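First comes the structure, then the notes that go with it.
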Amino acid sequence: MGKRNLFIGVLMGAIVGGLVSLFNNDARNYTKLKMNYAKNRSGYYVKHPSEAVRSAKDSFDKFNKEFSSGAENAINALEQVENTLDKFANKDQKDLENTL
């Protein structure tokens, strides 16, 4: 029950906040511009569904490539950290052996 109340509260807050922001002329004009763009774009995709599918596929492919690249970079960074830590651990172990 608490989860539902939280969700409803957040949703109502977003709606009220959005409506209050429309009292500002610049925000209202921006909203009109974006709504017209969305209307025109969705109308285009309704008339050309194959283009919608191709666009979605291209967007997904781009996201997938960027995600893979980011994951590879993260793995490389972790390997470098691991190698650096291994070097320090081996150095400390050698220093300890030399003192004994």
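The values are calculated or read from the model by the stated rules, or taken from the named source; none is laboratory data. Worth saying up front: this structure is predicted, and the values here are computed from it rather than measured. Quick reminder, even Gly has a Cβ in these numbers, built from the backbone with ideal geometry, and neighbours come from all protein chains shown. For accessibility, only protein heavy atoms count, side chains too; no ligands or nucleic acids. Shrake-Rupley method; radii C 1.70, N 1.55, O 1.52, S 1.80 Å.
Descriptive notes on the structure:
- With 0.36 nm allotted per residue and the present C-alpha distance subtracted, the LYS3-ASN76 stretch has 22.3 nm of extension available.
- Virtual spin-label span in nm between MET35 and SER68, 7 Å along Cα→Cβ: 4.2
- Computed [θ] at 222 nm, helices only, for the chain once each DSSP H run of length n ≥ 4 contributes -39500 (n - 2.57): -34000 deg cm²/dmol
- Per residue value of the accessible surface for the chain (all protein chains in place, 1.4 Å probe), Å²: 92
- Dividing the C-alpha radius of gyration of the chain by 2.2 N^0.38 Å, with N its residue count, gives 2.14.
- Full extension of the chain between SER55 and ALA27 yields a length gain of 7.2 nm, computed as 0.36 nm times the residue separation minus the alpha carbon distance.
- Listed by chain and number, the lysines whose C-alpha is less than 26 Å from the C-alpha of LYS57, apart from same-chain residues fewer than 8 away, are LYS34, LYS39, LYS47, LYS65.
- Here the chain exposes an accessible surface that is 62 percent carbon and sulfur, computed with a 1.4 Å probe and the other protein chains kept in place.
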